[in-house]
Amino acid sequence: MSKALSCRLYLITPPQLDSPIAFAAALPPVIEAGDVACLQVRLKNVDDTQIRQTVDALLPICTTHDVALILNDRPDLAFETGCDGVHIGPDDMPYEDARRIVGNDATVGVSCQASRHVAMKLADAGADYVAFGAFFPSQTKADTETAPLDELEIWSETTNVPCVAIGGITPDNCRPLIEAGADFLAVSSGIWAYPEGPATAARLFREQMSS
């Protein structure tokens with residue numbers, strides 16, 4: 001199988017959701033239009049109740065469509081709400097603590113920004129995937145160091161741990177990331193803010209991944 005055919009979408013929610021129920025209702029057409037592997041709940045400046053309500057609304061949709069639901073930052077709430085896993089960044093708790101909280105059967109993914117050294121260390125510790133980026137200017141990763149494309153190339157050639165490309169990815173700029181060996185493309189505004197709509201964006205991503 002070629003690298004292009006092995007790359008899939010890793011959706012990230014917008015940082016704020018006016019209505020989790022409305023977002024959940026609009027999600028299936030996006031999942032069905034694209035090759036979506038997982039959805040990360042990444043909400044900012046919200047309380048735990050809102051996170052729980054969002055997970056409760058999205059988990060049945062994800063389960064029905066065989067999409068893993070990942071919670072950002074909060075292993076405790078990921079475990080409590082029955083998410084499939086958690087994603088942690090370099091400034092969050094140590095990987096070992098997150099793994100202890102969610103258990104061995106859950107997915108634990110880690111952000112490594114532009115550091116292959118950090119990625120190797122965390123992969124050796126047992127992380128299920130590593131995320132590199134931002135690769136392009138990003139509204140959600142504005143303060144993140146730009147990652148060079150060869151991080152993906154070297155990683156895909158030397159390890160079996162999946163890698164996620166993140167940061168400013170759109171249907172128009174994603175092809176080099178796919179060809180470099182990214183296993184997943186993490187996308188937020190490139191889907192939800194796409195001018196022709198999220199489902200159209202998901203379809204265009206799928207076309208790039210399968211061509």
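Observations on the model:
- Placing unit charges on the Cβ atoms only, positive for Lys and Arg and negative for Asp and Glu, gives the range 1-122 a dipole magnitude near 500 debye about its Cα centre.
- Estimated distance in nm for a label pair at ASP97 and ALA193, the labels positioned 7 Å out from Cα along Cα-to-Cβ: 3.2
- The mean sequence distance of close C-alpha pairs (under 8 Å, at least 6 residues apart), as a share of the length of the chain, puts its relative contact order at 23 percent.
- Cα-based shape type of the range 3-210, given that a ≥ b ≥ c are square roots of the gyration tensor eigenvalues and the cut on a/c is 1.5: oblate
- Mean residue ellipticity (222 nm) of the chain, computed from DSSP H runs ≥ 4 via -39,500 (n - 2.57), nearest 500: -12500 deg cm²/dmol
The numbers here are math on the coordinates, done by the rules we state, and not lab data. These numbers were taken from a predicted model, which means no experiment stands behind them. Using ideal geometry, Cβ is built from the backbone for each residue, glycine included, and neighbour counts are taken over all protein chains shown.
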